[in-house]
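Where a number appears in this text, it was derived from the coordinates with a stated rule and is not lab data. Being a predicted model, the structure only gives us computed values, none of them experimental. Cβ placement follows ideal geometry from the backbone for every residue including glycine, while neighbour counts extend to all protein chains displayed.
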Amino acid sequence: MTKLIILRGPSGAGKSTTARMLQRQSSRKIAVVEQDYYKEVMFNDRESSVKARHEMVINDVLIALQHGFDVILDGIFSLPSHQETFQKLFAQHPDDNYLYFFDISLDETLRRHQTRWQKDHFGESEMRSWYNLATRTNYMSEIVISDNSTIEQTVMRIRKETGI
């Protein structure tokens, strides 16, 4: 059975780093689907591409799952704008879904951002404006990762809880 692991939280929380480490450390077939790719690389107009981005994320995740890949989906995925995305994914893949929320303070995300390659592409003002977009869902199964968990501890926890 394939697994769907969703990593949500503010920019700079460590979601993409965690996703890549999970992919590298697992012997399972894993596809990483990053929300930022659709927003930053694929489309040059954030406003008019919203619907297309949402549909493409859903389709790409489902295609990878159908081909036997576990999927790690990572992004801010603000609510309620992505509620329908999650509903569609869970309807098509009802089992072995894991939802993690990186509950990382603004100060910690700003500190972590200084270690990223994107640090020269956007700065503190953008990070502050995006910070409140990342909120917890109402899903009972959402697991919270706090800012006292290192990336290594987070990866180890997710590997243990998901079995990847």
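Work out how much length residue 143 to residue 105 would gain on full extension: take 0.36 nm times their residue separation and subtract the Cα-Cα distance, in nm to one decimal.
Working it through step by step, the gained length comes to 12.0 nm.
Only helical DSSP H runs with n ≥ 4 go in: add -39500 (n - 2.57) per run for the chain, normalise by residue count and round the 222 nm mean residue ellipticity to 500 deg cm²/dmol.
Here the helix-only value at 222 nm equals -12000 deg cm²/dmol.
Looking at the chain, which longest stretch skips every one of the chymotrypsin sites (Phe, Trp or Tyr not before Pro) that is in a DSSP loop with at most 16 other Cβ atoms within 10 Å, leaving the sites themselves out?
It works out to 44-121.
Taking the DSSP beta bridges in the chain as the whole, what percent of them are antiparallel, to the nearest 5?
The antiparallel fraction comes to roughly 0 percent.
What does the C-alpha gyration tensor say about the overall shape of region 12-74? Classify as rounded when a/c is under 1.5, otherwise prolate if a/b is larger than b/c, or oblate.
Because a/c hits 1.5 or more and a/b fails to exceed b/c, region 12-74 counts as oblate.
Taking Cα pairs under 8 Å and at least six residues apart, what relative contact order does region 4-162 come out at, in percent?
In percent, rounded to a whole number, it is 38.
Of 82, 54, 93, which has the largest mean-square fluctuation in a 10 Å C-alpha GNM of the chain?
Of the options given, 82 has the highest mean-square fluctuation.
Give the residue list of trypsin sites (Lys or Arg not before Pro) in region 1-51 that are DSSP loop and have at most 16 other beta-carbon atoms within 10 angstrom.
On the way: sites: 3, 8, 15, 20, 24, 28, 29, 39, 46, 51; in loops: 3, 28, 29, 46.
Of the trypsin sites (Lys or Arg not before Pro), the ones in loops of region 1-51 whose Cβ has at most 16 other Cβ atoms within 10 Å are 28, 29, 46.
Using Cβ contacts closer than 10 Å as the measure, can you line up 125, 149, 49 from fewest to most?
Least to most surrounded, the residues fall as 125, 49, 149.
For region 61-71, just list the computed ³J(HN,Hα) in residue order, Karplus coefficients 6.51, -1.76 and 1.60, θ = phi - 60°, integers in Hz, with x standing in for Gly and Pro.
The phi angles translate into 4, 5, 4, 4, 4, 5, 9, x, 8, 6, 10 Hz.
What lysines could a cross-link reach from residue 29, if we take a straight Cα to Cα line under 21 Å and drop same-chain neighbours fewer than 8 places away?
Result set, ordered by chain and number: 3, 15, 160.
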